[in-house]
Amino acid sequence: AQQERVALIRQIGAFEVTVQAQRDQLNKLRSDIGEQQTALLGSDSALSAQQGAMELQAGLAAGQGAGIVLVIEDSEQGTLIDQDLRQIVNGLWQSDAEAIAINGHRLSNRTAIRSAGEAITVDYRSLRSPYRLEVIGDPRTLASSFGSSDGGVWLSYLHNNFGIDFQTTQADALTLPADPGLTVERAGTKP
């Protein structure tokens, strides 16, 4: 049993290396596509700006800018679950977040936030407390808008009733990676 366990751990490690290499290749291809799109758009700055904003919101492009950092930590009385984290993230989107990452994992409209045993997974990567949410958006209004959103109200409820601790700070410069996410290579039915 011990030998099988060690073999499985090695296989998992090898698969993780392969997946990371494929993600790196995907990011390189996305960069190449971006360069070609920029060349095609030429000097149309309004169209380029609109494309950039859409890519940022979709998670296709890395994002940089000011925003907030929200750190959430489990307590002895309570543990954050996937539904809580989804509610909080949705509140941030409602508060005009431009881009969000949790523990370094970029979110998009395709991101899956689920539970796996005792862990919360983001795009099938297990995360544990503390959860660090980096959020690009107007730092002057983002925190206050979030506080009154459904997600902010829910986080306050978790804090008051289950001791979930959280801290929000403004950040002058955040850099979030593009979402490596799950892409659909081909869709259809079998012949």
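The values are calculated or read from the model by the stated rules, or taken from the named source; none is laboratory data. What you see is a predicted model, and the numbers here were worked out from it, not measured in a lab. Ideal geometry is used to build each Cβ from the backbone, glycine not excepted, and the neighbour counts take in all protein chains shown. Accessible surface areas use protein heavy atoms only, side chains included; no ligands, DNA or RNA. Shrake-Rupley method; radii C 1.70, N 1.55, O 1.52, S 1.80 Å.
Heavy-atom accessible surface of the chain, averaged per residue, reaches 64 Å², computed with a 1.4 Å probe. Proximity of backbone amide H atoms, modeled 1.01 Å from N, is registered between ALA61 and LEU56, ASP179 at under 5 Å, excluding neighbours fewer than 5 places apart on the same chain. Amide hydrogen proximity for ALA99: with H placed 1.01 Å from N in the peptide plane, the residues at 5 or more positions away or on another chain lying under 5 Å are ILE136.
Derived scalar couplings between HN and Hα for the range 72-84 equal 10, 10, 4, 10, 5, 7, x, 10, 5, 10, 4, 4, 4 Hz in order, rounded to whole Hz, by the Karplus curve 6.51 cos²θ - 1.76 cosθ + 1.60 (θ = phi - 60°), x for Gly and Pro.
Residue-wise HN-Hα couplings along the range 103-119, as the Karplus relation 6.51 cos²θ - 1.76 cosθ + 1.60 with θ = phi - 60° gives them from phi, are 6, x, 9, 5, 9, 9, 6, 9, 6, 9, 10, 9, 10, 9, x, 8, 9 Hz; Gly and Pro carry x. For SER115, put the label point 7 Å out on the Cα→Cβ axis and report which residues of the range 142-168 keep their amide N under 17 Å from it. Correct set: 155, 158-159, 162-164. Going by a ≥ b ≥ c, the root eigenvalues of the Cα gyration tensor, does the chain fall in the rounded group (a/c under 1.5), the prolate group (a/b larger than b/c) or the oblate group? Cα axes put the chain in the oblate bin.
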